[in-house]
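Below: the structure, in structure tokens.
Every read-out reported here was derived from the displayed coordinates using simple, explicitly stated rules and does not represent laboratory data. Being a predicted model, the structure only gives us computed values, none of them experimental. No Cβ is skipped: glycine too gets one built from the backbone with ideal geometry, and neighbour counts run over all protein chains shown.
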Amino acid sequence: MRRIALLTGGGDCPGLNAVIRAVVLKASEFGYEVEGVLRGWKGLLDPPQTRPLTPEDVENIHFIGGTILLTSRANPYSCKEHGEVSDRHSEVIRNLRELNCDALIAIGGQDTLGVAYKLSREGINVIGIPKTIDNDLQATDYTFGFDTAINIATESIDRLHTTAYSHERVLIVEIMGRHVGWMTLFAGLAGGAHLVLIPEVPFNIAEVCEFVQRRKQSGKGYTLIAIAEGAVPEKGSTFSVKRVERDEFGHPVLGGISEMLAKEIEERTGLETRNVILGHLQRGGTPSAFDRVLGIRFGIKAVELVEQGNFGRMVSLRATQIVDVPLSDAVRKLKTIPLQLYEEAKLFFR
Ligand code: F6P
């Protein structure tokens, strides 16, 4: 029987199980077996870790957050073990062949799909499905996971308004987004944050403090600032951000900018300031209807591409249509916020 290997890599996000279910059901319609690879790329290193996925296995998983296949940030081209870094991607290629898989569907963000792209250049039949709460992948209008995450962040901002108002405080809410501010800008706009700080536009600490003070002086009792975890102060600023730890893809492990900003604002303005890091709350739990349906449509399209033998592609949302694009287009660079969109949002920074 023909077989498809399926893996989820990188940070989890709501909607992964809806995609897994769609892939398994569509594959079964075409007469494929699906071999689920456990723990992302780690499951294709020696010894391989897989489990068969039947239509019965995926019944009623569409509303469950996370991924039944588990995930990791393992990078087969740069594996870190006992302080050593090694290239083990040939194990992935060998194991895929030994598993007798005709194709691999990789569900992931920039890093996972970057590995998928490299493998496709080595002759592996790969299809990518774009996933990430960060919405930072090129060549698709939206990734699944983003909608759920911004709704969680928006609800959090709504709640923070009332407590910040009551205590007449400055409140800084830190939202995920390492290199891009999609989540922070969308949740900030939806939740009516008074100021939104994103990685694409370095902030000036003196201007942020002036903004806070201006609001206070004009009788607005409290200020709510949404800041992306990857936001950075302008070059040459006396306020600096320390980042030390890195994951297997070389990304800094973030979290903490809001705390530093809160301290700085309190020191400079004398106004009582608190911070909240939403962190992994934004990635957990039930996917929204939008993410479930987008995931389902991506899963179906991915299996259709396998059936057509159209490899090295990523499924993508363009307006309302599900299309396919070269994997290379998706991973070339991150999709950042167009400056014009940020300029438009400034209408609400008051
Ligand atoms: O999946 C992307 C992301 O959510 C980033 O926004 C965030 O910086 C990172 O994952 C956190 O990763 P981890 O779960 O490895 O701490």
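Among the listed pairs LYS80/LYS263; LYS42/LYS335; LYS131/LYS263; LYS80/LYS118; LYS118/LYS346; LYS131/LYS216, those with a Cα-Cα distance over 30 Å are LYS80/LYS263; LYS131/LYS263; LYS118/LYS346; LYS131/LYS216. Once backbone amide H atoms are built at 1.01 Å from N, ALA74 has GLY10, TRP41, LYS42 as its partners under 5 Å, excluding neighbours fewer than 5 places away on the same chain.
Note on LYS26: aspartates and glutamates with a C-alpha under 12 Å away, same-chain residues under 8 apart excluded, are GLU304, GLU307. Count charges around ARG88 for me, please; just the other residues with Cβ under 12 Å from its Cβ, Lys/Arg as +1, Asp/Glu as -1. Overall, the nearby charge balance is -3.
Ordering GLY114, GLY43, PHE211 by the projection of their Cα atoms onto the charge dipole of the chain, which places +1 on the Cβ of Lys and Arg and -1 on the Cβ of Asp and Glu, puts PHE211 at the extreme positive end.
Against the longest alpha carbon principal axis of the chain, how many degrees, from 0 to 90 and to the nearest 10, is the axis of helix 289-308 turned? For helix 289-308, the angle is close to 30 degrees. Highest mean packing comes first when the peptides 18-31, 207-220 are listed by Cβ atoms within 10 Å, giving 18-31, 207-220.
The Stokes-Einstein estimate for the range 117-247, based on a Kirkwood radius over Cα pairs and taken at 4 °C with 1.567 mPa s viscosity, is a diffusion coefficient of 78 µm²/s.
Dipole size of the chain about its Cα centre, with +1 on Lys/Arg Cβ and -1 on Asp/Glu Cβ: approximately 400 debye, rounded to the nearest 20.
Cross-link reach is defined here as a Cα-Cα straight distance under 18 Å, omitting same-chain residues fewer than 8 places apart; for LYS333 the aspartates and glutamates meeting it are ASP111, ASP134, ASP136, ASP141, GLU200, ASP324. A Cβ-based charge dipole, computed about the Cα centre of the range 201-350 with Lys and Arg at +1 and Asp and Glu at -1, lands at about 300 debye.
In a simple Cβ point-charge model (Lys, Arg +1; Asp, Glu -1; nothing else charged), the range 149-283 has a dipole of about 180 debye relative to its Cα centre.
What the Kirkwood sum gives for the chain is a hydrodynamic radius of 21.1 Å, with every pair of different alpha carbons counted. Amide hydrogen proximity for ILE277: with H placed 1.01 Å from N in the peptide plane, the residues at 5 or more positions away or on another chain lying under 5 Å are GLU174. Highest-first packing order for the peptide set 119-126, 7-14 is 7-14, 119-126, based on the mean count of other beta carbon atoms within 10 Å. Taking Lys and Arg as +1 and Asp and Glu as -1, the other residues whose beta-carbon sits under 9 Å from that of ILE205 total -2. A helix-only calculation puts the chain at -11500 deg cm²/dmol for mean residue ellipticity at 222 nm, using -39500 (n - 2.57) for each DSSP H run of at least four residues, averaged over all residues. Looking at the chain, the DSSP beta bridges with both ends there are about 30 percent antiparallel.
Computed from Cα positions, the angle between helix 257-269 and the longest principal axis of the chain comes to roughly 10 degrees.
Rounded to the nearest Hz, the phi-derived 3J(HN,Hα) couplings of the range 227-232 under the Karplus curve 6.51 cos²θ - 1.76 cosθ + 1.60 (θ = phi - 60°) are 10, 6, 4, x, 5, 10, where x marks glycine and proline. Rounded, prolate or oblate for the range 2-73? Axes are the square roots of the Cα gyration tensor eigenvalues, ordered a ≥ b ≥ c, and the cut-off for rounded is a/c under 1.5. Oblate, because a/c is 1.5 or more while a/b does not exceed b/c. Once the Cα atoms are used to define both axes, helix 16-30 deviates from the longest principal axis of the chain by about 20 degrees.
Any chance you could check the Cα centroid distance between the range 1-35 and the range 193-242 for me, in angstrom? That distance is 43 Å.
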